[in-house]
Structures are given as structure tokens and as C-alpha cells.
Amino acid sequence: MKLDLTKDLLQSEIPTNKWLWKDSQPEVIRNNSIDVELPLSKENELVMNKLIDFVRYSQDPELNKKENPDYLRPAVGLAAPQIGSNTNMFFTRFEWDLEGNDVEEFAMVNAKIVAKSDQIGCLSDGEGCLSVDDDHKGIVPRSYKIQVTGYDWLTKEEVDLTLRGYHAIVFQHELEHNQGKLYYDRINNENPNFKDENWIVI
């Protein structure tokens, strides 16, 4: 899906890096987020709309050009604390082809993990984060399979999702933002590139 700025943005502002809060601002980034009431208030709906617009815009190479002074690092997900709101909401967008025809989107409200596997998975190159300016290199171990419940604001339905692999890792990354945690908290301090032979590397 390619965005048309005249009609596709869900709120009135073009997404900008100025929206982002960083790990140098622990009063928000390291704070626990609270569940919100449904239906969303106007204030919380604006937060969700900004999360959606930011991720969609960041993934659109025609709008988000690298030569732009305010170029956005493409994001697969964004959580509410990253734009200054300690509310339990996040948005993820998985674009599986270059044309944007194969896309999965989840706009999660009050999501929580209700089950997870003992099997550990990790991304081969580690993780990154828009709220971390100085990327911390290293392997980030997470559960390979999780079960997540919550409300999907896009479908307006309560959902019960079983996620594996990359999906599960992205969801855990965003869920932990709402718990005041960052990906580099999970990196082995003594050996950042440590991988157990039993882990599934993605």
C-alpha cells in the first residue's frame, strides 16, 4: 500500500522524527504504560493514528526518501511510549513484498502475553530501535512462540494471536516498550554476540 498524503493519513501531521522519545528520556521510555478504556478516547485515538501513520509513512520509499532532511528510519513497529504516551498501545506492519501487496497490520490495544514457549529465538543481526540513537549491537534472545490477547483497533475485535518467529519477536519488542524495557536489556553483557546452540536464529 502506497500512501496518498491527501487522503490516507489518519491524522493531520506528516510523521516526523520530532515525535520520537529516546532512551535518554527515561521518564517516559522507562515507565510502565497503563491499559486504556475502549472505545478509545479522542486523545488515545490520536496516539494510535500517529503510530499507524508513522510506521506506514516510514515504510513508503516514495514519500520517505533518504535525501529528505527528516528521513525516518523504516519501522516495522512503534509503541505509544515512543511518541510520549505511556498507554498500552502499539502498531506493527509486516510488508512481505516490495510492492506492498502482501501486508499484515496489527493495531494493538491492551495487549498482553498469556503464554510463551521455552524455545528461544533471535534475529541473526540483533535488533534496533527508533528510541535508541546509539544502537547496541548484540543478540537479543526472546521466546520463539507466544500467545497474545488484546484488542485490534483496525478490526475493532478482541483477538487471540499465536505468533512464531519474526512475528513473535516484533510483538515482544513492542510489548516490552509498554513495560519500560528496551531490547538491549536482553543482550548478554559479557558476550553480546552469544547464541546458544539450541536457539532458533532467524
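The values are calculated or read from the model by the stated rules, or taken from the named source; none is laboratory data. The structure displayed is predicted, hence computed values, not measured ones. A quick note on method: Cβ atoms are made from the backbone with ideal geometry, for glycine too, and the neighbour counts reach across all protein chains shown. Accessible surface areas use protein heavy atoms only, side chains included; no ligands, DNA or RNA. Shrake-Rupley method; radii C 1.70, N 1.55, O 1.52, S 1.80 Å.
Numbers at a glance
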{"read-out": "Anisotropy class of the chain from Cα gyration tensor, a/c 1.5 cut", "value": "rounded"}
{"read-out": "Cβ-placed point charges (K, R +1; D, E -1), dipole of the range 1-75 about Cα centre in debye, nearest 20", "value": "260 debye"}
{"read-out": "Label point 7 Å beyond Cα of L161 along Cβ direction - residues of the range 175-193 with amide nitrogen under 17 Å", "value": "175-179"}
{"read-out": "Mean separation of Cα contacts under 8 Å (6+ apart) over length of the chain, as relative contact order %", "value": "22 percent"}
{"read-out": "Accessible surface, the range 108-172, averaged per residue in Å² (probe 1.4 Å)", "value": "47 Å²"}
{"read-out": "Rounded to 10°, Cα long-axis angle of helix 165-177 versus longest principal axis of the chain", "value": "70 degrees"}
{"read-out": "Cα centroid separation, the range 65-94 to the range 139-202 (Å)", "value": "17 Å"}
{"read-out": "Carbon/sulfur fraction of accessible area - the chain, other protein chains in place, 1.4 Å, %", "value": "46 percent"}
{"read-out": "Angle between the chain longest axis and helix 42-58 axis [Cα atoms, degrees, rounded to 10]", "value": "70 degrees"}
{"read-out": "Estimated vicinal HN-Hα couplings, Hz - the range 87-94 in sequence order (Karplus 6.51, -1.76, 1.60; Gly, Pro = x)", "value": "10, 7, 9, 7, 10, 10, 9, 9"}
{"read-out": "Shape call, the range 11-96: gyration tensor on alpha carbons, a/c limit 1.5", "value": "prolate"}
{"read-out": "For the chain, calculated [θ]222 nm from helices alone, where every DSSP H run of n ≥ 4 adds -39500 (n - 2.57)", "value": "-5000 deg cm²/dmol"}
{"read-out": "Trypsin sites (Lys or Arg not before Pro) lying in DSSP loop within the range 121-202, provided at most 15 other Cβ fall within 10 Å", "value": "K137, K156, K195"}
{"read-out": "The range 82-111: chymotrypsin sites (Phe, Trp or Tyr not before Pro) in DSSP loop, at most 16 other beta carbons within 10 Å", "value": "W96"}
{"read-out": "Under-5 Å amide H pairs with I200, H placed in peptide plane, nonlocal only", "value": "I120, G121, C122"}
{"read-out": "Normalised contact order of the range 102-202, rounded percent, pairs of Cα under 8 Å and 6 or more residues apart", "value": "34 percent"}
{"read-out": "³J(HN,Hα) computed for each position of the range 193-202 - Karplus, 6.51 cos²θ - 1.76 cosθ + 1.60, integer Hz, glycine/proline x", "value": "9, 4, 9, 6, 5, 8, 6, 8, 9, 10"}
{"read-out": "Gyration tensor verdict on the range 93-175 (Cα atoms; rounded if a/c is under 1.5, prolate if a/b is larger than b/c, oblate otherwise)", "value": "oblate"}
{"read-out": "Residue-normalised accessible area of the range 18-95, expressed per residue, 1.4 Å probe, Å²", "value": "48 Å²"}
